[in-house]
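The values are calculated or read from the model by the stated rules, or taken from the named source; none is laboratory data. Note that the coordinates shown come from a computational prediction; the quantities given were computed from them, not determined experimentally. Cβ placement follows ideal geometry from the backbone for every residue including glycine, while neighbour counts extend to all protein chains displayed.
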């Protein structure tokens, strides 16, 4: 994989982490936030016909979360990133979203695709 493609994945991931939380929820909640961590989730097409796009996005999200955590997190809280594979299937995307929200209790969904 070329350096520019990796950089693009990182840029997309970083952008998603900085922009999407503002649109992810409309109600005030502390689900997914503890004194130690902030849980965020995403579903990406890690398999299927457009995995060539989804895998680099997921890698960019992971790299951005790792960089944030290495710098001390957000107000001392580490980012816990959960990525689900939606496999370019709308039904799997819905199920992945439901799992992230209902089971994993994420605070925000970032850069969902599929």
Residue check, residue 3 surrounded by fewer than 19 Cβ atoms within 10 Å (Cβ to Cβ) and at pLDDT below 95: yes
Of all residues in the stretch 66-103 being assigned to a loop (DSSP other than H, G, I, E, B) and surrounded by fewer than 18 Cβ atoms within 10 Å (Cβ to Cβ), which is nearest to the chain's Cα centre (by Cα)? 73
Checking residue 63 against (1) within 25 Å of residue 34 (Cβ to Cβ); (2) touching a residue at least 24 places away in the same chain (Cβ under 8 Å); (3) out of contact with any helix residue (DSSP H, G or I) (no Cβ under 7 Å at 6 or more places or on another chain); (4) surrounded by fewer than 20 Cβ atoms within 10 Å (Cβ to Cβ): exactly one of these is not met. Which one? (3)
Scan 13, 9 and give me the residue that is closer than 19 Å to residue 107 by Cα, modelled with pLDDT under 95 and buried (at least 17 other Cβ atoms within 10 Å of the Cβ). 13
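Here is a yes/no grid of residues against (1) in contact with a strand residue (DSSP E or B) (Cβ under 7 Å, 6 or more places away or on another chain); (2) at pLDDT below 95:
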{"residue": "19", "(1), (2)": "no, yes"}
{"residue": "23", "(1), (2)": "no, yes"}
{"residue": "38", "(1), (2)": "yes, no"}
{"residue": "43", "(1), (2)": "yes, no"}
{"residue": "47", "(1), (2)": "yes, no"}
{"residue": "57", "(1), (2)": "yes, no"}
{"residue": "66", "(1), (2)": "no, no"}
Those residues that are touching a residue at least 24 places away in the same chain (Cβ under 8 Å) and within 15 Å of residue 41 (Cα to Cα), I need them from the stretch 66-91; list them, please. 78, 79, 80, 81, 82, 83, 84, 85, 86
